Structures are given as structure tokens and as C-alpha cells.
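Heads up, the thing below is written out as C-alpha cells.
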Amino acid sequence: MVLTEKQKNEIISFCADLVKIPEESGREERTARLVRQKMEDLGYDEVTVDRYGSVLGVLRGCAPGPVLLFDGHMDVVPVRDKWDHDPFGAEISGGRMWGRGTTDMKGALAAMICAAAFLERTEFCGKIIVSASVAEELLVGAALDRILEDHHVDAVVVGEPTAMKLGHAEKGRASIEMISHGTVAHSSRPDLGDNAVYRMMEAAAKIREMARRSDPLLGDEVIELVEISSLPSPGNGSIPGRCRALWECRLLPGETESEFLERLKEALEGIDRTEIKTASYKLSAYTGEELEMDDYLPGWTADEKGSGLLNAAADSLRECGLAVDYYAAPYGCNALSSAAMRGIPTVILGPGDIGLAHKPNENIRLDELLAAAAVYGEICRKYSLVK
Ligand SMILES: [Zn+2]
């Protein structure tokens, strides 16, 4: 799709408006209001806000056809380090826009909201849904999962930054909690107790020795100890009776949660009084609703089922004069809930460099932002034809 100068300016200025409202996970209320207003101004057929505060805009094409959903999250991570630019100023210099969320991922969100609405209804059939979702930075996949629960969707484009490479595979993620139990005793008489930390140290060594899976596209699985704590704390001269460890995992496709837990349990053979389970997290959304997730989302690679969407996306990149490079995302994003958990054909495709995300001086190239919008518009046309 070819954008007019007016459309280009509109995308850039909407992106700037989004960057100027920095809202963290569960606090996206003002951003949601702005998105809703913009969708209404752009003539979306239906604009709704779900229980958790995600905004959904629907555009209906000229005839019945497939449902294509674009997803971009509204929340950003906090600014902690020193910046050379105002992190919420959306300053433009050197052909870039600077600010928190430009790359991750308000640029993509602005591009998808505008591009879909810039199409004539005669240019696509079926339905386009754009979801501006909440809380991705803390509860990956949870908000989109709730949206997919309520809406039938044939294919998903997630606009996380891939520098416009075509994301057709993604590592999954899990947090695994291990608790070792022992018996508290006075530290002068360890013989009367049973030290839970020693037990956890043995357990941790076994998990570290465990063979890691490997995938030709996604590389090695990661299972890494990230937190450890014991009770009582402070110890006050006690042998610890309980020790908790948290493992962050980056997962490959093809293993269910119970298979993964079974593999960990097997590795712990010979270690008693130690439990292992998937961690779960929740947050209170700005609407007051509680959003929860069990932190086990396996990885995925696009199979033939994804080829309609993948081909449409590749053709769209070419049509807009961009190279078609494939990309295996090393990070986890909302695509896990559509592709891995529900088997919906999904691509990750967005402007910006993931290396800039969450960092000081985050920025996005304006030419890439506009190219993304052109490609998104083109995907809407091509996908409804190939499907
Ligand atoms: Zn993101």
C-alpha cells in the first residue's frame, strides 16, 4: 500500500501522542482512551474495551472472509537510566523518533491502527481486528489470550520489533518454582535439623546438569536459576527449614507443560522433600479486574498452516520494496498465546530493533515506521485474497 504524505504525518503524530503518555502494565487507562478515540475518528466499525482494558477496533471488509487480528501492546517498561533525550518527549531528530515505547511498541501500534483504517473497504474482505492490549510487559500473552477466548480469529500479526524481518518462530517461556523442605533447628545443633538450602543446592546442581533441548531454528533451551531465598529470614541462628528457587526458562516447541515438569522431576531423582511447579502471576488491570497467567508458554515455529499468512506477509514486504528475511524471535511476546497455545497462524513483524527495547535512548527510524504501516495495509489486502 502506498501512503500519502497526509497519512504518513498522521501515523507519526499518533505515535508521538502515544509516546507522550507513558503508562506501565496495568495502568494503561489514558493510552486506552487515546487509542479508542483515534479508532473512532478513523472510522472503525466497532470499538470496544474489554474487561481488562484492552481496546479492540473492528473493520469490516466488502464481503465475508477471514478474520485477521493485529496486536500491539500499550504498556511500556519504566525509565530508570539516564537518557540523552526526553524519554516522553517523542522528539524527532536524525530521521528518528526518540522515547520510551517508540520501538516496544507504540510505533507498530500506531502503524497498524492507522494503516488498516486507511484502506478502502473494497480492498479487503472478511474482518480486521486491531487489538491494543494491556500488560504484555508483565504478563506475556495473558491479555491477548483473553481476547482470543472471545473472538474467532484466523490469523494474527504481532507487531513486536523485528526490524521488519518476518518472525516465523519464537522461543517460549516459563517460570518454574522449586521448594525444598527441611527441618528448622538451632544452628549450634545442625544434627537436630535438616538444612533445606543444602537440599536445594543438590537439586539445583541436578537441574544444571540436565541435558538441554535444541532446535535448528531457535537454538538451545534455557533453564536458568534467577532467584533463591530461604526461611526463616533473617535466620537468627537457625538451620533453614524451607528454600525457594525460581528458574527462568526459554522453551522450544513440542513439549507440553506436564512433559516439561516430568523431565525436571526425573532430573531430581534421589532428591526428597522438593516440590516443583509452574509459577503463576497476576496483576490488577486498570479496570479493576484481575489478570492472571500460568507462566508456561511453549515455543513455536510456523508450519504449513501458517503459510497463507506467511506468504501474504512475504509478498507484502516485497510489494513495499522491503527484503524478505526470516527471523526466529529469541524473546517471548503475545504471539505465544496465539501461535503456541492456540495454534493460530501467526507472524511477528514490526518496525524497530529489539536491541533498543527497554533501554535508554530507545528510538525508531521514521522510514521504518512508515514502511511498517505500508506493509500492514498490504497484508490486510493480500491475506484476505490468499485465504
Ligand atoms: Zn513489547
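Once you list every other residue whose beta carbon is under 12 Å from the beta carbon of Gly355, what net charge do they have if Lys and Arg are +1 and Asp and Glu are -1?
Numbers: positive: Lys359; negative: Asp104, Asp353, Glu362.
Neighbourhood net charge equals -2.
Quote to one decimal, in nm, the extra length available between Glu202 and Thr256 on full extension: 0.36 nm per residue of separation minus the C-alpha distance between them.
Values: separation 54, 0.36 × 54 = 19.44 nm, distance 2.58 nm.
Separation in residues times 0.36 nm, less the Cα-Cα distance, equals 16.9 nm.
Under the Karplus relation 6.51 cos²θ - 1.76 cosθ + 1.60, θ = phi - 60°, what is the ordered set of whole-Hz ³J(HN,Hα) values for the stretch 173-178, x standing for Gly and Pro?
With the stated coefficients, the stretch 173-178 comes to 8, 7, 10, 10, 9, 10 Hz.
Compute the separation of the alpha-carbon centres of the stretch 1-59 and the stretch 248-319 and state it in Å as a whole number.
Taking the Cα centre of the stretch 248-319 as reference, the centre of the stretch 1-59 is 28 Å away.
Would you please give the residues with an amide H less than 5 Å from that of Glu91, counting only those at least 5 places away or on a separate chain, with H modeled from the backbone geometry?
Those lying under 5 Å, H to H, from Glu91 are Trp98.
Return the sequence-ordered ³J(HN,Hα) values of the stretch 355-362 in whole Hz as given by the Karplus equation 6.51 cos²θ - 1.76 cosθ + 1.60 applied to θ = phi - 60°, using x for Gly and Pro.
Residue by residue, the stretch 355-362 yields x, 9, 5, 6, 10, x, 6, 4 Hz.
Working from the pairwise distances between different alpha carbons, so that the mean of 1/r is found and then inverted, what is the chain's Kirkwood radius in Å? Don't skip to the end; give the middle numbers.
Values: mean 1/r = 0.0453 Å⁻¹.
After inverting the mean inverse Cα-Cα distance, the result is 22.1 Å.
Which part of the stretch 92-116 falls in the paramagnetic zone of Asp367, meaning amide N under 13 Å from the point 7 Å along Cα-to-beta-carbon?
Inside the label zone: 94-96.
Which ordering of Thr256, Thr274 is given by a fewest-first count of other beta-carbon atoms within 10 Å? Working shown, then result.
On the way: Thr256 10, Thr274 19.
Ranked by crowding around the Cβ, least crowded first: Thr256, Thr274.
Between Asp191 and Lys359, how many nm apart are label points set 7 Å from Cα along the C-beta direction?
5.8 nm
Compute the FRET efficiency between Asp325 and Asp303 as 1/(1 + (r/R0)^6), taking r as their Cβ-Cβ distance and R0 = 25 Å, and round to the nearest 0.05. Could you put the intermediate results ahead of the total?
Values: r = 20 Å, r/R0 = 0.79.
About 0.80, to the nearest 0.05.
So how much slack lies between Arg244 and Glu266, counting 0.36 nm per residue of separation and subtracting their Cα-Cα distance, in nm?
Numbers: separation 22, 0.36 × 22 = 7.92 nm, distance 1.90 nm.
Separation in residues times 0.36 nm, less the Cα-Cα distance, equals 6.0 nm.
Working out 0.36 nm times the residue gap between Glu289 and Lys6, then minus their Cα-Cα distance, what length gain in nm do you get to one decimal?
Working: separation 283, 0.36 × 283 = 101.88 nm, distance 3.89 nm.
Roughly 98.0 nm would be gained on extension.
Between Met210 and His181, what is the FRET efficiency for a Förster distance of 35 Å, r being their Cβ-Cβ separation, to the nearest 0.05? Don't skip to the answer; put the middle values down first.
Details: r = 22 Å, r/R0 = 0.62.
In this case the efficiency is close to 0.95.
Expressed as a whole number of Å, what is the distance separating the alpha-carbon centroids of the stretch 165-242 and the stretch 73-121?
Each part's Cα centre sits 38 Å from the other's.
Using the Karplus curve 6.51 cos²θ - 1.76 cosθ + 1.60 with θ = phi - 60°, what ³J(HN,Hα) values do you get for each residue of the stretch 136-146, in whole Hz, with x for Gly and Pro?
After applying 6.51 cos²θ - 1.76 cosθ + 1.60, I find 5, 5, 9, 10, 3, x, 5, 5, 5, 4, 5 Hz.
Add +1 for every Lys or Arg and -1 for every Asp or Glu among the other residues with Cβ under 13 Å from the Cβ of Tyr44, and state the total.
Values: positive: Arg36, Lys38, Arg60, Arg121, Lys127; negative: Glu40, Asp41, Asp45, Glu46.
My count for the surroundings of Tyr44 gives +1.
Take Leu385 and Cys62, extend 7 Å from each Cα along the Cα→Cβ direction, and tell me the distance between the two endpoints in nm.
Distance between label points: 1.2 nm.
What FRET efficiency do you get for Asp45 and Ser13 if R0 is 25 Å and r is their Cβ-Cβ distance, rounded to the nearest 0.05?
Working: r = 24 Å, r/R0 = 0.94.
Calculated transfer efficiency: 0.60.
Counting only other residues whose beta carbon sits under 12 Å from that of Ala373, what net charge do I get with K and R as +1, D and E as -1? Don't skip to the end; give the middle numbers.
Numbers: positive: Lys8; negative: Glu10, Asp367, Glu368, Glu378.
Net of charged neighbours comes to -3.
Every number in this text was worked out from the coordinates using simple rules, so none of it is lab data. Owing to the predicted nature of the structure, the values given are computational and were not obtained by experimental measurement. Ideal geometry is used to build each Cβ from the backbone, glycine not excepted, and the neighbour counts take in all protein chains shown.
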